[in-house]
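K.L.:
Sharing a structure here in structure tokens format.
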There are 2 protein chains.
Amino acid sequence: MDEKDTKILKILMEEGRKPFTEIAKELNTSESSIRKRIKKMESCGIIKGYNVIVEPNKIGYGVVALTGFDTIPEDFLHVANELCKYEEVKKVYTTTGDHMIMTEIWAKDGRELSEIIFNKIGRIEGIKKVCPAIILEQMK
Amino acid sequence: MDEKDTKILKILMEEGRKPFTEIAKELNTSESSIRKRIKKMESCGIIKGYNVIVEPNKIGYGVVALTGFDTIPEDFLHVANELCKYEEVKKVYTTTGDHMIMTEIWAKDGRELSEIIFNKIGRIEGIKKVCPAIILEQMK
DNA sequence: TTTGAAAATTGGCCTAA
DNA sequence: TTAGGCCAATTTTCAAA
């Protein structure tokens, strides 16, 4: 990881599908250099992958909620693992602070969110409290 | 948006740089069909972009914190806009629930996180309370 | 959907630091 | 030994018809 790698990552963070040749042009270097650096970052785990950024509203997910979960300590890992299994649960973090587990949950609407949180997920053994915060706007 | 588009998105969410030809093979259709569908989703805003997924630990960001901010109502938008300006603040959401603003902040270590949160960001007019939750592990 | 040209990717091999 | 340069074969993209 030197400055050139950092610049490559910055470009890919903005535009993950940009061709290596264009990145090379932009950084005034050769395509092979860029390519080999990217491959290296991929193989050593700096780059974990690439993904598409989707606007949830436009595909019928009108509600996205950052949802914290409190659990009894013994069930903490079990709950986190269970949460990962749900399609609607897009991200799962274990954290310090108010909640031990933080998630991002996508739902069609408020009704479905409540269904997911209280009926489906709420059934997981060990959950003490659920704290959903609906995202109003993603500003960055 | 039909079922085929949904399948394409699902594939790209896993592997954002997968060539159209491969997606086509996987879905038993032609490359040009896939490409035109993707272009359409891009132009109508369903696809907002593509990005690289970086492991922050491996590039010197040892600490990532989901950080909530409480503000006085009048300064709410001002604070959110200011937060967007910081390089270390990777994501900014306005939300319902405990905090009006939720962010994701990357820092080298605890010391730097505290520096960012309390010295740099803490200076923004209107912030009443800052609630950082350090991510221990991303499980999904 | 098919087709063909242009562009990008890949792998191998080479040199230089 | 590692990063980068070069070339040729393959694959992918893209815009026609």
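K.L.:
Can you tell which of B:GLU42, B:GLU87 is under 19 Å from the mean Cα position of the chain (by Cα), exposed (fewer than 15 other Cβ atoms within 10 Å of the Cβ) and modelled with pLDDT under 95? Walk me through how you get there before you give the answer.
P.N.:
Numbers: B:GLU42 fails: modelled with pLDDT under 95.
Residue meeting the stated conditions: B:GLU87.
K.L.:
Something else now. Among (1) surrounded by 14 or more Cβ atoms within 10 Å (Cβ to Cβ); (2) away from DNA strand C (no atom under 16 Å from the Cβ), there is one condition B:GLY60 misses while meeting the rest; what is its number?
P.N.:
The failed condition is (1).
K.L.:
Filter the range A:1-36 for residues that are within 12 Å of DNA strand C (Cβ to nearest atom), assigned to a helix (DSSP H, G or I) and not small (Gly, Ala, Ser) and give the result. Write out each step before concluding.
P.N.:
To start, the set of residues in the range A:1-36 that are within 12 Å of DNA strand C (Cβ to nearest atom) comprises A:12, A:15-26, A:30-36.
Subsequent filtering for residues that are assigned to a helix (DSSP H, G or I) retains A:12, A:20-26, A:31-36.
Selection gives A:LEU12, A:PHE20, A:THR21, A:GLU22, A:ILE23, A:LYS25, A:GLU26, A:GLU31, A:ILE34, A:ARG35, A:LYS36.
K.L.:
Out of A:ALA65, A:ALA24, report the one residue that is within 30 Å of A:ILE11 (Cβ to Cβ) and of a type outside the set (Asp, Glu). Outline the logic, then answer.
P.N.:
Values: A:ALA65 fails: within 30 Å of A:ILE11 (Cβ to Cβ).
Of A:ALA65, A:ALA24, the one residue that is within 30 Å of A:ILE11 (Cβ to Cβ) and of a type outside the set (Asp, Glu) is A:ALA24.
K.L.:
Could you look through the range A:1-48, keep only residues that are among the hydroxyl-bearing types (Ser, Thr, Tyr) and within 12 Å of DNA strand D (Cβ to nearest atom), and pick out the one that is nearest to the other protein chains (Cβ to nearest Cβ)?
P.N.:
So the first thing to find is which residues in the range A:1-48 are among the hydroxyl-bearing types (Ser, Thr, Tyr), and the list is A:6, A:21, A:29-30, A:32-33, A:43.
Next cut, within 12 Å of DNA strand D (Cβ to nearest atom) only: A:21, A:29-30, A:32-33, A:43.
Values: A:THR21: 14, A:THR29: 18, A:SER30: 20, A:SER32: 18, A:SER33: 18, A:SER43: 12 Å.
Across the range A:1-48, the extreme among qualifying residues is A:SER43.
K.L.:
Would you call A:GLU125 crowded, with 16+ Cβ neighbours inside 10 Å, more than 7 Å from chain B (Cβ to nearest Cβ) and outside any strand (DSSP E or B)?
P.N.:
Details: crowded, with 16+ Cβ neighbours inside 10 Å: no; more than 7 Å from chain B (Cβ to nearest Cβ): yes; outside any strand (DSSP E or B): yes.
Criteria not met by A:GLU125.
K.L.:
Hey, another quick one. Would you pick out the residues in the range B:42-70 that are closer than 30 Å to B:ASP2 by Cβ and either in a strand (DSSP E or B) or in contact (Cβ under 8 Å) with a residue 40 or more places away in the chain (or both)? Let's see the steps before the verdict.
P.N.:
We begin by selecting, within the range B:42-70, every residue closer than 30 Å to B:ASP2 by Cβ; these are B:42-53.
Once the filter is applied, which keeps residues that are closer than 30 Å to B:ASP2 by Cβ and either in a strand (DSSP E or B) or in contact (Cβ under 8 Å) with a residue 40 or more places away in the chain (or both), the range B:42-70 yields B:ILE46, B:ILE47, B:LYS48, B:GLY49, B:TYR50, B:ASN51, B:VAL52, B:ILE53.
Residue by residue, here is whether (1) facing chain B (nearest Cβ under 9 Å); (2) over 24 Å from B:GLU15 (Cβ atoms); (3) out of contact with any Pro (no Cβ under 8 Å at 6 or more places or on another chain); (4) surrounded by fewer than 16 Cβ atoms within 10 Å (Cβ to Cβ) holds:
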| residue | (1), (2), (3), (4) |
| --- | --- |
| A:VAL79 | no, yes, yes, no |
| A:TYR93 | yes, no, yes, no |
| A:ILE101 | yes, yes, yes, no |
| A:CYS131 | yes, yes, yes, no |
| A:LEU136 | yes, yes, yes, yes |
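The values are calculated or read from the model by the stated rules, or taken from the named source; none is laboratory data. Quick caveat, the model's predicted, so the values are computed rather than measured. All Cβ positions, even for glycine, are placed from backbone atoms using ideal geometry, and neighbour counts span all protein chains on display.
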